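S.K.: First the structure, which I've put down as structure tokens, then a few questions once you've had a look.
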Amino acid sequence: MELLGRFQPVCRALERLGRVSPSSFRPIEAFGLKFPNAVGLAAGFDKNARAWRAAAALGFGHVEIGTVTALPQPGNPRPRMFRYPAEEAVINRLGFNNQGSQAVAARLAGQPPPGRRRIPLGINLGKSKAAEIERAPQDYLESFGRLADYADYVVLNVSSPNTPGLRQLQDESRLRELLSAVTEANARRAGTPGKRRVPILLKIAPDLTFAQIDAVVCVVFDHRLDGLIATNTTLARPGPFSGASETGGLSGAPLCRKSTEVIRYVCLKTAGRVPVIGVGGITSVESAAEKLDAGACLVQLYTGLIYRGPFFARALAHGLEDRQRR
């Protein structure tokens, strides 16, 4: 994908070949942005902004890079990613391996900026492993300051299971502290000449209780976040994974039902006031449609790409368009 992205005329040709029919083309609007279709590439695939320019050629309507941390870090020891083909699942404990926000900002500085891209680019931010939980807001702010200029939207990832203590940021008091820091920095941007306010989204775990989700939604309303992403990978081990020995987050088909339940609950609690991107276990048009029917406005995938191939997003976009037309 990185190589393909260097040949933009080829990317444009592939994009035209795979585009939904012009007569039915209606961009999806969310967070003040326009998306050519509902299918996005989830964070975790392109951690360092190397491959995203080819995403539209493969049929994606948006792409999210990262997770990016303030400090460069190698991630957890290998092996750290495990496939389960019979279940179309993956367990990963990558641990936010990335080159750090400074290196990613330098790379994005040489690529098309917001307003001159084929599809929206989200940047997913996480906490550096070396940063104590008490310093998490400052750590996120460091990455936000470096990368906000290059983002169509920014995601605060507080739900990966592979960074020690990260999920504590979903606790109401810590979440309020983090969102206050980032939203205030974003407001200051809006008052600076040549800068703009960037839509901010929050990515949550599928392992939250309904009471915990209620608290998160309350904080999201209070800080006027632009959206939610539901969900990250799960620590649960359903069905055939009850005896799995590998630690890390489970993704793929076994996560599908749980993530859809969370999406439906979040959409009911927010009454449509906060747009939701649905992620988790999308392996077919039907599983993507379930998330849209549950209230999501967009969907994202990653594990499905592993098992269904590079043009899976294109097939999904066409399938969802056909379904809507019917």
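S.K.: Let me spell it out: the conditions are (1) over 23 Å from Leu298 (Cα atoms); (2) more than 21 Å from the chain's Cα centre (by Cα); (3) modelled with pLDDT of 95 or more, and Phe210 meets all of them except one. Which number is the exception?
M.R.: (1)
S.K.: Then there's this: Looking at this structure, is Phe31 buried (at least 19 other Cβ atoms within 10 Å of the Cβ), over 14 Å from Met1 (Cβ atoms), in contact with a His (Cβ under 7 Å, 6 or more places away or on another chain) and at pLDDT 95 or above?
M.R.: no
S.K.: Of all residues in region 91-141, which are farther than 16 Å from Val158 by Cα and not in a loop (DSSP other than H, G, I, E, B)? Give the derivation first.
M.R.: Of the residues in region 91-141, the ones farther than 16 Å from Val158 by Cα are 91-92, 98-121.
Answer for region 91-141, where residues must be farther than 16 Å from Val158 by Cα and not in a loop (DSSP other than H, G, I, E, B): Ile91, Asn92, Asn98, Ser101, Gln102, Ala103, Val104, Ala105, Ala106, Arg107, Leu108, Leu121.
S.K.: Looking at region 159-173, which of the residues that are assigned to a helix (DSSP H, G or I) and either acidic (Asp, Glu) or within 21 Å of the chain's Cα centre (by Cα) (or both) is farthest from Gly249 (Cα to Cα)? Explain how you work it out, then say what you get.
M.R.: Residues of region 159-173 that are assigned to a helix (DSSP H, G or I), as a first pass: 166-170, 172-173.
Narrowing further to those that are either acidic (Asp, Glu) or within 21 Å of the chain's Cα centre (by Cα) (or both): 166-170, 172.
Numbers: Leu166: 13, Arg167: 12, Gln168: 16, Leu169: 17, Gln170: 17, Glu172: 23 Å.
So the residue we want is Glu172.
S.K.: Same structure, new question: Across region 220-241, what is the total count of residues that are surrounded by fewer than 22 Cβ atoms within 10 Å (Cβ to Cβ) and part of a helix (DSSP H, G or I)?
M.R.: Final tally of qualifying residues: 5.
S.K.: Considering (1) touching a Lys or Arg at 6+ places or on another chain (Cβ under 6 Å); (2) among the aliphatic types (A, V, I, L, M); (3) surrounded by fewer than 24 Cβ atoms within 10 Å (Cβ to Cβ), say which one Val155 fails and leave the rest.
M.R.: (3)
The rows are residues; the columns are (1) surrounded by 19 or more Cβ atoms within 10 Å (Cβ to Cβ); (2) of a type outside the set (Val, Ile, Thr); (3) more than 25 Å from Gly32 (Cβ to Cβ); (4) within 17 Å of the chain's Cα centre (by Cα).
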| residue | (1), (2), (3), (4) |
| --- | --- |
| Ala49 | yes, yes, no, yes |
| Phe60 | yes, yes, no, yes |
| Gln73 | no, yes, yes, no |
| Asn92 | yes, yes, yes, yes |
| Phe96 | yes, yes, yes, yes |
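S.K.: So, in region 295-309, how many residues would count as being over 18 Å from the mean Cα position of the chain (by Cα) and touching a residue at least 24 places away in the same chain (Cβ under 8 Å)? So that I can check it myself, show each step before the final result.
M.R.: From region 295-309, those over 18 Å from the mean Cα position of the chain (by Cα) are 307-309; that's our starting set.
From what's left, touching a residue at least 24 places away in the same chain (Cβ under 8 Å): 307-308.
So the count comes out to 2.
S.K.: Next up: Assuming Asn37 fulfils every condition listed in (1) out of contact with any strand residue (DSSP E or B) (no Cβ under 9 Å at 6 or more places or on another chain); (2) in contact (Cβ under 8 Å) with a residue 24 or more places away in the chain; (3) assigned to a loop (DSSP other than H, G, I, E, B) apart from one, which condition is it?
M.R.: The one condition Asn37 does not meet is (1).
S.K.: Can I ask one more? Evaluate region 1-14: report whether one residue or more is under 21 Å from Ala148 (Cβ atoms), within 20 Å of the chain's Cα centre (by Cα) and charged (D, E, K, R). Let's see the steps before the verdict.
M.R.: Step one: of region 1-14, the residues under 21 Å from Ala148 (Cβ atoms) are none.
So far as region 1-14 goes, no, none of its residues is under 21 Å from Ala148 (Cβ atoms), within 20 Å of the chain's Cα centre (by Cα) and charged (D, E, K, R).
S.K.: Of a type outside the set (Lys, Arg) and farther than 30 Å from Ser245 by Cβ, is that true of Pro77?
M.R.: Details: of a type outside the set (Lys, Arg): yes; farther than 30 Å from Ser245 by Cβ: no.
No.
S.K.: Only one of Arg16, Arg53 is in a helix (DSSP H, G or I) and within 28 Å of Ser101 (Cα to Cα); which? Let's see the steps before the verdict.
M.R.: On the way: Arg16 fails: within 28 Å of Ser101 (Cα to Cα).
Answer to the check: Arg53.
S.K.: Another question about this same structure. I'm trying to understand the selection: among the residues of region 258-289, which are over 24 Å from Pro199 (Cα atoms), out of contact with any strand residue (DSSP E or B) (no Cβ under 8 Å at 6 or more places or on another chain) and of a type outside the set (Asp, Glu)?
M.R.: Answer for region 258-289, where residues must be over 24 Å from Pro199 (Cα atoms), out of contact with any strand residue (DSSP E or B) (no Cβ under 8 Å at 6 or more places or on another chain) and of a type outside the set (Asp, Glu): Ser284, Val285, Ser287, Ala289.
S.K.: Looking only at region 260-280, which residues are touching a Ser or Thr at 6+ places or on another chain (Cβ under 8 Å), in contact (Cβ under 8 Å) with a residue 60 or more places away in the chain and β-branched (Val, Ile, Thr)?
M.R.: The one that is touching a Ser or Thr at 6+ places or on another chain (Cβ under 8 Å), in contact (Cβ under 8 Å) with a residue 60 or more places away in the chain and β-branched (Val, Ile, Thr): Val279.
S.K.: May I ask you to list pairs of residues, at least six apart or on different chains, whose Cβ atoms are under 7 Å apart, with the first in region 190-213 being farther than 20 Å from Pro275 by Cα and surrounded by fewer than 24 Cβ atoms within 10 Å (Cβ to Cβ) and the second being modelled with pLDDT of 95 or more and β-branched (Val, Ile, Thr)?
M.R.: Taking only residues 6 or more apart or on different chains, the pairs are Asp207/Thr234.
The values are calculated or read from the model by the stated rules, or taken from the named source; none is laboratory data. Just so it is clear, the model here is predicted, and its values are computed rather than measured. Positions of Cβ are backbone-derived with ideal geometry, glycine not excepted, and every protein chain shown enters the neighbour counts.
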